[in-house]
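*Asks:* Quick one: the structure is below, questions incoming.
Read-outs throughout are calculated quantities, based only on the coordinates presented, and are distinct from any laboratory measurement. Given the structure is predicted, the values throughout are model-derived calculations rather than measurements. Every residue, glycine among them, receives a Cβ derived from its backbone with ideal geometry; neighbour counts consider all protein chains shown.
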Amino acid sequence: MNRWDPRTKLFVVLLLSSTAVVLDDLRLFAVLLGLALLVVAVFQGDVGVLYRLRKILAVLFPLIVIQSVFTGGGEPLLSVGGMPLITTVGLQRGGGLVFRIAVIILASSILMKEPSRRIIQGLIQCRIPYEIAFMVHLAIRFLPLLQEELQDAFTAVQLRGVELDRLPLRRRLYVYTHLFLPILAGVVGKAREISTAMEMKAFRAVPKRTSHMQLCFGRRDYLAMGVSVLLLAGLAGMGTI
Amino acid sequence: MPVYCNQPYINMQAVCFGYNRRRPPVVQDLDLQCSLDEWVAVMGPNGSGKSTMVKLVMGVLRPWSGQIEIGGEPSSSLSLGQIGKRIGYVFQEPERQLFTGSVWEELEFVWTLQGEVGEAQHEKVRRSLEDFDLVHVRDSFPHTLSRGEKQRLALAAVMINEPPFLVLDEPTTGLDRIRRQQLSHKLHRLRGQGIGAMIVTHDRKFAEEHTTRMIAMDRGKVVRGE
């Protein structure tokens, strides 16, 4: 049984994500990614996310090219017809962006296996109002539903006899704008159902909620947070030297 | 138990499908043929595989094994759009297939995408509005319509493509007696136009009124064909 305090996990995720935003050096990003992997292993996160992260690599090259073409400066590494296609700055920024996304997703994966009740309790004990904590939890739970709704709408529009792959880009974009309508309707409907269900269970019937569950930091929580602060502060410090 | 009839438009042979390879399949060794001159009711308890079977027919799910043919062509070689042209599919929740800002636009939707809107299409839309009793809501936002109106709109939007076959998933769910009668009336008229249909329903009386053949499914198999 995983017995890390969820606040420790939240703290480490916040720390890793912030460091990913601050850093600007590919070598340090590689170290940070290694640390993120270590954190996932220690906190028994969702290792499967590693496999899914491979999709991010697909956008690496286009990002590097875009950054190289639209950002000035740097040494050209590859030029076509006199125009620099890949520059050192483009490589740095494009690669940095992919590293940042990878670290943030990897770090967040340690929260995926945490029961939502414990996350809410962790947020409450961080003095975040219950309503806000519950909303955060709902928003996280809604994300996969949104993905499902999008897929359903995409299927539905094609089953109306629309051959998307044969449409010119302009018309295809027109279809995509229309997909939001059933998705929005579905999400609003679900939100209304949840809200009714919550009211039926007397949500907010009393101004202050109490809870049987109380989270307590253990020695290893303090240790994990301390080590994380030291390592990541050191890394961020190296990045600013 | 295989169910056969002449000139099948939908032909499923030894179809096997499940949502998880480590679990037993939801649909197994399913054989089913439906022709254009018949209306078939698919009945069975919850979890018997009816909706999965419909999704397999519509190409939304791909079978683990077995063959599905639509109009003589393997469904694996058809895109969802091509299947949508061959089979009109009305969802259990019609609002899932409504995309535009007004009833009129909804009926024109596919033509607008194809850049084929002209006077002939306008005339078809006008006729469709009349046929499906939607004239009074022609400028309304589809998501604000009543359930019965949404369902008639979804049916009209599907039928305006003139598919030779129709699949209706639980069409009577949530309809009161009057709306149910209105739907019956529309379906009766469609049947007179010579198209085939498959209706997934729990409503035996409705199935008896509208279909020429009833099949029962249980645990992913056709257990009875009448």
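*Asks:* What does the charge count around residue A:86 come to, taking other residues whose C-beta lies under 13 Å from its C-beta (Lys +1, Arg +1, Asp -1, Glu -1)?
*Replies:* 0
*Asks:* Further question on the same structure: Let's see if you can work this out: charge +1 on each Lys and Arg Cβ, -1 on each Asp and Glu Cβ, no other charges. What is the dipole magnitude of the stretch A:141-209 about its Cα centre, in debye to the nearest 20? Can you show the working numbers first?
*Replies:* On the way: 12 positive and 7 negative charges, 72 e Å.
In total the dipole reaches around 340 debye.
*Asks:* Run through the stretch B:57-119 and list the chymotrypsin sites (Phe, Trp or Tyr not before Pro) located in a DSSP loop whose Cβ has at most 15 other Cβ atoms within 10 Å.
*Replies:* Listed in order of number, the matching sites are B:64.
*Asks:* Which of A:211, B:77 comes first, and how do the rest follow, when ranked by fewest Cβ neighbours within 10 Å?
*Replies:* By the 10 Å Cβ count, ascending, the order reads B:77, A:211.
*Asks:* Right, another one. What value, in deg cm²/dmol to 500, does the helix sum -39500 (n - 2.57) over DSSP H runs of n ≥ 4 give at 222 nm once divided by the residues of chain A?
*Replies:* Taken over chain A, the calculation gives -24000 deg cm²/dmol.
*Asks:* Once the other residues with Cβ under 13 Å from the Cβ of residue B:141 are scored (Lys, Arg +1; Asp, Glu -1), what is the net sum?
*Replies:* Values: positive: B:138, B:150; negative: B:95, B:105, B:106, B:139, B:149.
Here the count lands on -3.
*Asks:* Now, a different point. How do A:200, B:53, A:213 rank when sorted from fewest to most other Cβ atoms within 10 Å of their own Cβ? Mind showing how you got there, number by number?
*Replies:* Working: A:200 8, B:53 27, A:213 11.
Ordered by Cβ neighbours within 10 Å, fewest first: A:200, A:213, B:53.
*Asks:* Positive end of the charge dipole of the stretch B:53-113 (Lys, Arg +1 and Asp, Glu -1 on Cβ, about the Cα centre): tell me which of B:63, B:111, B:80 has its Cα farthest that way.
*Replies:* B:63
*Asks:* Checking the a/c ratio against 1.5 first, then a/b against b/c, what shape does the Cα gyration tensor give for chain B?
*Replies:* Verdict is prolate for chain B.
*Asks:* Under a Cβ-Cβ cut-off of 10 Å, what is the net charge of the residues other than residue B:151 that fall near it, where Lys and Arg count +1 and Asp and Glu count -1?
*Replies:* So the surrounding residues net to +2.
*Asks:* Also, quick follow-up: First check a/c for the stretch A:141-209, with a ≥ b ≥ c the square roots of the eigenvalues of its C-alpha gyration tensor; if it is under 1.5, answer rounded, and if not, answer prolate when a/b is larger than b/c or oblate otherwise. Mind dumping the intermediate values first?
*Replies:* On the way: a/c = 4.14, a/b = 3.74, b/c = 1.11.
Prolate shape, in that a/c is at least 1.5 and a/b is the bigger ratio.
*Asks:* Would you please classify the overall shape of chain A from the alpha carbon gyration tensor, given that a ≥ b ≥ c denote the square roots of the eigenvalues, rounded means a/c under 1.5, and beyond that prolate means a/b larger than b/c while oblate covers the rest?
*Replies:* Values: a/c = 2.69, a/b = 1.13, b/c = 2.38.
Note, shape of chain A comes out oblate.
*Asks:* Can you grab the distance from the C-alpha centre of the stretch A:26-77 to the C-alpha centre of the stretch A:185-206, Å, no decimals?
*Replies:* Answer, in whole Å: 39.
*Asks:* Under 5 Å between amide hydrogens, which residues at least 5 positions from residue A:87 or on another chain qualify, with H placed 1.01 Å from N in the peptide plane?
*Replies:* For residue A:87, the qualifying residues are A:68, A:77.
*Asks:* Let me ask something else. Which Cα, out of A:181, A:238, A:206, lies furthest along the positive dipole direction of chain A (beta carbon charges, K/R +1, D/E -1)?
*Replies:* In chain A, that residue is A:206.
*Asks:* With a cap of 12 neighbouring Cβ atoms within 10 Å, and only residues DSSP puts in a loop, list the GluC sites (Glu not before Pro) found in the stretch B:89-179.
*Replies:* Working: sites: B:95, B:105, B:106, B:108, B:116, B:119, B:123, B:130, B:149; in loops: B:116.
Here the sparse-neighbourhood loop sites are B:116.
*Asks:* Could you put B:12, A:238 in order, starting from the residue whose Cβ has the fewest other Cβ atoms within 10 Å?
*Replies:* By the 10 Å Cβ count, ascending: A:238, B:12.
*Asks:* Related question: Per the Kirkwood definition applied to all pairs of different Cα atoms, how many angstroms is the hydrodynamic radius of the protein assembly as shown?
*Replies:* Answer for the protein assembly as shown: a Kirkwood hydrodynamic radius of 26.5 Å.
*Asks:* While we're here: How big is the gap, in Å, between the Cα center of the stretch B:11-53 and the Cα center of the stretch B:114-173?
*Replies:* 28 Å
*Asks:* Dipole magnitude of chain B about its Cα centre, charges +1 at Lys/Arg Cβ and -1 at Asp/Glu Cβ only, in debye to the nearest 20?
*Replies:* 820 debye
*Asks:* If you put +1 on each Lys and Arg Cβ and -1 on each Asp and Glu Cβ, how big is the dipole of the protein assembly as shown around its Cα centre, in Debye rounded to 20?
*Replies:* In debye, rounded to 20, the protein assembly as shown gives about 1740.
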